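Single-structure report; data block below.
What follows is calculated from the coordinates using simple rules that are stated; it is not laboratory data. Everything numeric in this text was worked out from a predicted model, so none of it was measured. Cβ sites come from the backbone with ideal geometry, for glycine too, and all protein chains shown count toward neighbours.
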Amino acid sequence: MKQVVAIVKPFLVEKILEGLRRAPLEALWVAEVKGYGKQKSYLDQYGDSEYSEAFLPKVEITMFVENLRLGEVLAKLVEISRTGRMGDGKIFVTDAEPYERVVNIE
């Protein structure tokens with residue numbers, strides 16, 4: 001099993017979730033995050049003045065996928081999230097080994 005973490009632009013989240021709706025996922029969750037990559041920060045216009053944003057808003061989508069279906073899920077994820085502009089995001093894939101026994105966290 002693999003853990004896939006995708007950091008994407010917020011306006012793409014609904015499209016990504018719709019595209020992955022029928023994907024063979026074991027689990028999926030979404031979190032709002034902030035950060036920056038190569039673009040560092042950006043200037044935005046508010047009224048007549050410019051202001052700088054130190055961190056850019058992003059959304060982190062974390063999912064668990066069986067090894068045999070990983071290529072299918074990654075292809076769909078890249079197809080939907082790639083806009084061709086700087087700051088599209090990143091995708092990280094790591095091994096995810098199931099814990100040997102179930103622990104109830106209450």
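Just a few scattered comments:
- Distance between the modelled labels on Arg85 and Gln3, one decimal in nanometres: 3.1 nm (7 Å Cα→Cβ projection).
- Each of Glu72 and Arg21 was given a label point 7 Å from its Cα along the Cα-to-Cβ line. The distance between the two points is 1.8 nm.
- Converting phi to 3J(HN,Hα) with the Karplus coefficients 6.51, -1.76 and 1.60 and the offset θ = phi - 60°, segment 69-81 yields 9, 4, x, 4, 5, 5, 4, 5, 4, 5, 4, 7, 8 Hz in sequence order, with x at every glycine or proline.
- Per-residue HN-Hα couplings for segment 2-12 [Karplus 6.51, -1.76, 1.60; θ = phi - 60°; Hz; x = Gly/Pro]: 10, 9, 10, 10, 10, 9, 10, 5, x, 6, 9
- Residues whose amide H comes within less than 5 Å of that of Tyr36, counting only those at least five positions distant or on another chain, are Leu56 (H built at 1.01 Å from N in the peptide plane).
- Here the label points at Ala54 and Val30, each 7 Å from Cα along the C-beta direction, are separated by 2.8 nm in the simple model.
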